[in-house]
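Peer 1: If you scroll down you'll find the structure; I have some questions about it.
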Amino acid sequence: MRLLLVEDDAQLGRATQAGLAEAGFAVDWVRDGVAADAALSTEEFAAVVLDLGLPRRSGLDVLARLRAAGKKTPVLILTARDAIEDRVKGLDTGADDYVVKPFRLEEVAARLRALVRRSHGAAAPVLKVGAITLDPATRAVTCRGRAVELSTREFGVLRELMLNAGRVLSRDQLQNRVYRWGEEVESNAIEVHVHHLRRKLFADAIRTIRGVGYMMSAARSA
């Protein structure tokens, strides 16, 4: 699950990026509002973690421009501004959640999981498609009642397919959602992950839509 972290403090940014990566997110990090605008206009993210006091363009301006462009990407404001007026303005500008620094990374990770879940229309914390269940919080996967061990990338691909069950995701879409900037990605990486998932789950757990991409559906995963 790919996130954009917008934070100008170098130490805090590094720590937040590392902590969210340990929680299973692929985190791209920028340090000012103009860079955030550029990233949001050209890339797809599952959610944004946004500071307010940014160089070159404020976090509120970044948020307002994102919503004015019609984008519904979940945004969690992460800021030291704790006045009620700041909270109200942030939420009214289009933020989905508001967390005040200092914070606990596990809470931020849980809030992000909830935001992404709701953005896909899923209310339950555990994803279920047919006989397959996936818990984003514990990163546990079961298939037909048995535990399945997955690599970090395999888990990420499966999570995206389950979140979008019934919809086709292209190879590029999957790649962009599980890898962050600067990571070396083999040209057939997604195909390899899907092959491993089919072997660990069952052969027709994931459908190939020829020339388009991959899809999971409850009917084929029962």
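Peer 1: Under the condition of being of a type in the set (D, E) and open to solvent by 60 Å² or more (accessible area, probe 1.4 Å), which residue from the stretch 41-81 is farthest from the chain's Cα centre (by Cα)? Walk me through it before giving the result.
Peer 2: Narrowing the stretch 41-81 to residues of a type in the set (D, E): 43-44, 51, 61.
Adding the requirement that they be open to solvent by 60 Å² or more (accessible area, probe 1.4 Å) leaves 43-44, 61.
Values: E43: 12, E44: 10, D61: 22 Å.
Among residues in the stretch 41-81 that are of a type in the set (D, E) and open to solvent by 60 Å² or more (accessible area, probe 1.4 Å), the one farthest from the chain's Cα centre (by Cα) is D61.
Peer 1: Of the residues A131, A137, A109, which single one is among the small types (G, A, S) and touching a Leu at 6+ places or on another chain (Cβ under 8 Å)?
Peer 2: The match here is A109.
Peer 1: Still on this model: Between a first residue in the stretch 81-108 that is at negative phi and among the small types (G, A, S) and a second residue that is open to solvent by less than 40 Å² (accessible area, probe 1.4 Å) and part of a helix (DSSP H, G or I), which pairs have beta carbons less than 7 Å apart while being 6 or more apart in sequence or on different chains?
Peer 2: Filtered contacts from the stretch 81-108: G90/L60; A95/L63.
Peer 1: For the stretch 127-177, which positions are part of a helix (DSSP H, G or I), open to solvent by 40 Å² or more (accessible area, probe 1.4 Å) and among the β-branched types (V, I, T)?
Peer 2: T152
Peer 1: I'd like to verify a number: residues in the stretch 13-24 that are of a type outside the set (G, A, S), in contact with a strand residue (DSSP E or B) (Cβ under 6 Å, 6 or more places away or on another chain) and open to solvent by 10 Å² or more (accessible area, probe 1.4 Å), how many?
Peer 2: Of the residues in the stretch 13-24, 1 are of a type outside the set (G, A, S), in contact with a strand residue (DSSP E or B) (Cβ under 6 Å, 6 or more places away or on another chain) and open to solvent by 10 Å² or more (accessible area, probe 1.4 Å).
Peer 1: I need the full set of residues from the stretch 180-192 which are modelled with pLDDT of 90 or more and buried (at least 16 other Cβ atoms within 10 Å of the Cβ), in order please.
Peer 2: Hits for the stretch 180-192 are A189, I190.
Peer 1: Restricting to the stretch 82-121, give me the number of residues that are under 19 Å from the mean Cα position of the chain (by Cα) and open to solvent by 30 Å² or more (accessible area, probe 1.4 Å).
Peer 2: Going through the stretch 82-121 one residue at a time, the tally reaches 13.
Peer 1: Could I ask something else about it? Residue check: is L60 under 18 Å from V116 (Cα atoms) and outside any loop (DSSP other than H, G, I, E, B)?
Peer 2: No, not satisfied.
Peer 1: Does R199 satisfy the criteria of being in contact (Cβ under 8 Å) with a residue 24 or more places away in the chain, open to solvent by 60 Å² or more (accessible area, probe 1.4 Å) and charged (D, E, K, R)? Full working, then the answer.
Peer 2: On the way: in contact (Cβ under 8 Å) with a residue 24 or more places away in the chain: no; open to solvent by 60 Å² or more (accessible area, probe 1.4 Å): yes; charged (D, E, K, R): yes.
Here the answer is no, as R199 does not meet what is asked.
Peer 1: Is there a residue being farther than 19 Å from F103 by Cβ, touching a helix residue (DSSP H, G or I) at 6+ places or on another chain (Cβ under 7 Å) and at pLDDT 95 or above anywhere in the stretch 73-87?
Peer 2: yes
Peer 1: Does the stretch 8-44 hold any residues that are in a loop (DSSP other than H, G, I, E, B) and modelled with pLDDT under 95, and which are they?
Peer 2: Residues satisfying the conditions are A23, G24, F25, E43, E44.
Peer 1: Does A36 count as out of contact with any His (no Cβ under 7 Å at 6 or more places or on another chain) and open to solvent by less than 40 Å² (accessible area, probe 1.4 Å)?
Peer 2: Answer is yes for this residue.
The values are calculated or read from the model by the stated rules, or taken from the named source; none is laboratory data. Not measured: the values here are computed from a predicted model. Positions of Cβ are generated from backbone atoms using ideal geometry, with glycine treated the same way; all protein chains shown enter the neighbour counts. For accessibility, only protein heavy atoms count, side chains too; no ligands or nucleic acids. Shrake-Rupley method; radii C 1.70, N 1.55, O 1.52, S 1.80 Å.
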